[in-house]
Amino acid sequence: MRNLFKQTMTAIVLAAAIFVSCFGCTPATKVTFAFDGDFKQISPFYEGYAIVSDLTGDKLIDTQGNSVLTESYDQILGVSEGLICVEQAGKYGFLNLDGSIAIPLQYYSATIFSENFARITLRHGYGMQFNFIDKEGNQLFDFAEGSAKCQLQTRLGESVTVEISNTIDFSNGVAAIANQQQYWAMIDSESRLLTDFVFQEIQPFTNTIAKCKDMQGRLIYVNKQGNTVFSLNADDSFSCISERIRFVRDDLFGFVDDKGTTIIQAKYFAATDFGKDTPYAIVTDSENIAYVIDLNGNAVKIQANVSEFNSFSDGIAVLRLTDNSYAYVDTQGRISKQRFSYADTCAYGLCPVKQENQFGYFEKSLLIFG
């Protein structure tokens with residue numbers, strides 16, 4: 001159950017715990033890190049902060065490499081909207097950026113804040129209460145004592161009793177909750193139901209629409225009122241990022257726009273989403289040749305043999321090459337001359353990398369492409 005609540009931060013810190021041996025590295029690729037630190041694990045920066053680990057445990061650092069917290073915690077989940085989510089002895093809570101307690105450590109699980117709300121769970125007997133809290137720790141739903149049931153209002157002002165079994169973050173003013181049967185409905189920030197429980201699946205809203213599956217299992221995209229914007233004939237699809245939606249049909253990837261119009265046909269054997277701040281994607285063809293494409297599908301060949309790749313962020317994307325070294329690629333398909341034994345997504349001009357068994361942050365401005 002706790003793992004379901006860590007999905008938000010998983011996308012941010014998943015690769016930070018991976019240790020990769022260095023193959024094909026040479027003395028010419030040795031790098032100087034942006035700031036000193038004997039790091040054993042690192043994450044990309046998010047909202048100006050990153051999670052790192054050294055011999056003393058987890059730490060939170062800013063973009064100057066300064067440690068933010070003086071107290072030690074079993075786990076730091078991240079920073080969002082000025083509050084730090086931490087865990088100590090199985091209890092979750094939130095700190096201010098000066099390290100003081102903002103919301104006491106009292107929850108069974110918690111996520112970072114999104115649009116002024118964080119998702120939390122509390123125990124009731126052998127069960128769980130899924131809820132949201134604001135930055136003062138006020139809970140959005142009022143549960144009946146000792147149960148997972150609460151009273152919610154519909155759009156028509158009617159009161160209904162709902163047993164909540166899961167939640168999804170607020171985004172664009174809308175969140176989602178699941179009932180006991182694992183069907184989903186949309187809610188607003190006043191805890192009003194915007195729809196009935198008519199979705200098998202719903203993802204957070206991006207660019208004002210959300211991916212859903214209706215009761216028949218069809219892929220649809222809905223607006224914040226719960227109305228279908230378009231349906232998609234595909235085996236699977238993803239969230240709407242940077243005006244494009246990645247989909248899979250017959251094991252091939254393509255892209256539609258936010259109206260459902262096919263912009264790039266399903267013809268690629270692998271593909272990333274378009275970067276949110278860098279509207280380019282990486283794709284591969286049937287010969288495993290990698291390309292950078294723009295929003296209209298114009299392609300530039302990447303001048304390297306690539307085995308893995310991530311989405312663009314901060315103007316560049318990380319690649320794993322076929323010799324197991326890592327490099328970065330720019331939007332023109334040029335590869336960085338620097339090679340690393342591990343690399344992750346860049347943000348705030350800082351790239352998490354590993355070199356010669358040491359983790360650190362390399363300044364993006366020092367990458368040489370060609």
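The values are calculated or read from the model by the stated rules, or taken from the named source; none is laboratory data. The structure displayed is predicted, hence computed values, not measured ones. Note: ideal-geometry Cβ built from the backbone for every residue, glycine included; neighbour counts use all protein chains shown. The protein model used for the area step is the full one, side chains on, heavy atoms only, and it has no ligands, DNA or RNA in it. Shrake-Rupley method; radii C 1.70, N 1.55, O 1.52, S 1.80 Å.
Observations
- Each residue in the stretch 103-158 was checked for being hydroxyl-bearing (Ser, Thr, Tyr) and open to solvent by 70 Å² or more (accessible area, probe 1.4 Å), and 1 pass.
- Residue, surrounded by the most Cβ atoms within 10 Å (Cβ to Cβ), within the stretch 179-207, restricted to residues that are hydrophobic (A, V, I, L, M, F, W, C) and touching a residue at least 40 places away in the same chain (Cβ under 8 Å): 186
- Selection status of residue 297, in contact (Cβ under 8 Å) with a residue 40 or more places away in the chain and over 22 Å from residue 367 (Cβ atoms): yes
- Filter result for residue 171 (in contact (Cβ under 8 Å) with a residue 24 or more places away in the chain, under 30 Å from residue 59 (Cα atoms), in contact with a helix residue (DSSP H, G or I) (Cβ under 6 Å, 6 or more places away or on another chain) and open to solvent by less than 40 Å² (accessible area, probe 1.4 Å)): no
- Selection within the stretch 272-295: residues that are out of contact with any Leu (no Cβ under 9 Å at 6 or more places or on another chain) and assigned to a strand (DSSP E or B). The member of this set that is farthest from residue 305 (Cα to Cα) is 293.
- Unmet requirement for residue 61, which otherwise passes all of (1) without any contact (Cβ under 8 Å) to a residue 60 or more places away in the chain; (2) within 27 Å of residue 313 (Cα to Cα); (3) open to solvent by 20 Å² or more (accessible area, probe 1.4 Å): (3)
- Inside the stretch 343-365, residues that are farther than 21 Å from residue 292 by Cα, within 25 Å of the chain's Cα centre (by Cα), open to solvent by less than 20 Å² (accessible area, probe 1.4 Å) and not β-branched (Val, Ile, Thr) make up a count of 7.
- Here residue 94 does not qualify as in contact with an Asp or Glu (Cβ under 9 Å, 6 or more places away or on another chain) and closer than 30 Å to residue 277 by Cα.
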